[in-house]
Amino acid sequence: MPEDALVALFTELAALPSPPGDERVVADRVTAYLRGLGLDVAEDDAGERIGSNAGNLYARLEPSGEGGTPLFFCAHLDTVPPEGAIEPVLDNGVIRNAAGTILGADNKSAVAVMLEATRRLLSENRPHAGLELLFTPKEETGLHGAAAFDHEQLRARIGYVYDQAAPIGEVILGAPHAHSMEVRFHGRAAHSGMYPEEGRSAIAAAAKAIADFKLGRVDEESTANVGIIGGGTAGNIVPEWCSFLAEARSHDPQKLADLVREMLEAATFAAGLEDCQVETEVHKSYSGYRFKRDDFVVRLARTALERTGYEPSLKMSGGAADANVFNERGLQCVNLANGMAEIHTPDEHIAVADLEAMVDVTLALVETAREAHAA
């Protein structure tokens, strides 16, 4: 595929809005593309179970010969919700959105790259040890598509996602564990001008709790955040209720447990100070993982990057990707940076050279895996 055709594929996908839960139009386009390559595409029932109009898409290429290590590649079909039209434009070798909202390079650049690499693998009759493709919905809201996928379908035990907004060459050795918290304070309503003494302010309780939280970067491995807050009914009524959503992350599961406990204790203490009640719910968001530089899945990535002219850079991430789900289920899946930048913002962009380069990296991964055997 000439470079302009790869650009056309990516911009076509990017221009199709696909916020979490509404991936149908992009799923249909990806399915049509894969079937045009002669591949069977299976769509599971995950959509019905996670609240999406599309399920996980799965396709497999049988090995072309004996030996080697089969691979799976995964990319997600959804984007954060766009706040307007998406009009991808090519400007000086860089693709941006001219319409003032996200571009969707996260993660449609990976989708386009994996599709094009598969096309070249087939059209050029390149030998391989087996390849599986998975495209998931609702990643942005909690890795839901990957979590709903039956990973037992995968024959490969080694996989890659391209979901790190950083220069090509960055290899993610680890991602954090995370918990979400919903905290709701119950006070007592009263007229704020006539009988304020009779009221119990749920907002005051929530404010005291949040002020006591360790937020932002707690330490080198841990972060915490309060992202949504709401409460009260009118400006002249002592607020009877207030709730907020928070999260905590850490590469160390014990640190995460301690951080969550401290936040819950702070909420309970604040409720007591304001003579309010508090209800809390804690949910596991996802499990973290950690690789060593010499683990097989990392060595394959390092070799493939070196073959395509990139110096591997081993990093830790503060975010999650579908790789978290696969690693929790006993597979080995590494997240690789693919050059996308300013994701989730109106300035999101990706260079055409990086799209092309990631096709080469993908083919190098396949070639390297064909020559290697997992220990």
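The values are calculated or read from the model by the stated rules, or taken from the named source; none is laboratory data. Nothing here was measured: the structure is a model prediction, and the numbers come from that model. Please note: Cβ atoms are built from the backbone with ideal geometry, for glycine as well, and neighbour counts cover all protein chains shown. Just so you know, the surface numbers come from the protein's heavy atoms only, side chains and all, with ligands and any DNA or RNA stripped out. Shrake-Rupley method; radii C 1.70, N 1.55, O 1.52, S 1.80 Å.
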Positive minus negative residues near R200 (Lys, Arg vs Asp, Glu; Cβ under 12 Å): -4
Gyration tensor (Cα only) of region 166-321 to equivalent ellipsoid, semi-axes in Å sorted down, yields 45, 14, 10
Report the Cα-based extents of the chain along its three principal axes, largest first, to the nearest Å. 81, 44, 39
Which value in nm describes the separation of the simple spin-label points at R120 and E306, placed 7 Å from the Cα toward the beta carbon? 2.1 nm
Per-peptide average of other Cβ atoms within 10 Å, ordering 329-340, 41-52 highest first: 329-340, 41-52
Tell me which residues come under 5 Å, amide H to amide H, from A372 once H is placed; ignore anything under 5 positions away on its chain. T69
Helices from the chain with mean Kyte-Doolittle at least 0.0 and a Cα length along the axis of 24 Å or more, per DSSP H: which? 105-123, 253-273, 352-371
Region 344-361 and region 90-123 have their Cα centres apart by a whole-number Å value of 6 Å
Relative to the compact-globule scaling 2.2 N^0.38 Å, provide the ratio for the alpha-carbon radius of gyration of region 281-375. 1.22
Restraint check, K138/K208; K255/K292; K214/K292; K208/K292; K108/K214, Cα-Cα greater than 32 Å: K138/K208; K208/K292; K108/K214
Given region 29-102 reduced to its alpha-carbon atoms as identical point scatterers, what log10 I(q)/I(0) does the Debye formula return at q = 0.21, 0.28 Å⁻¹? -1.05, -1.23
Could you provide, to the nearest whole Å², the per residue accessible area of the chain with probe 1.4 Å? 43 Å²
Seen from all sides and averaged, what is the projected area of the convex hull of the Cα atoms in region 4-67, in nm²? 5.9 nm²
D (µm²/s, integer) via Stokes-Einstein for region 119-204, Kirkwood Rh across alpha-carbon pairs, 4 °C, 1.567 mPa s: value 68 µm²/s
Environment charge at D40 (Cβ cut-off 14 Å; Lys +1, Arg +1, Asp -1, Glu -1): -2
If I take R0 = 56 Å and measure r between the Cβ atoms of F269 and E62 in this structure, what FRET efficiency does the formula 1/(1 + (r/R0)^6) give, to the nearest 0.05? 0.40
What is the local net charge at I210, summed over the other residues whose Cβ is closer than 15 Å to its Cβ (Lys, Arg +1; Asp, Glu -1)? -3
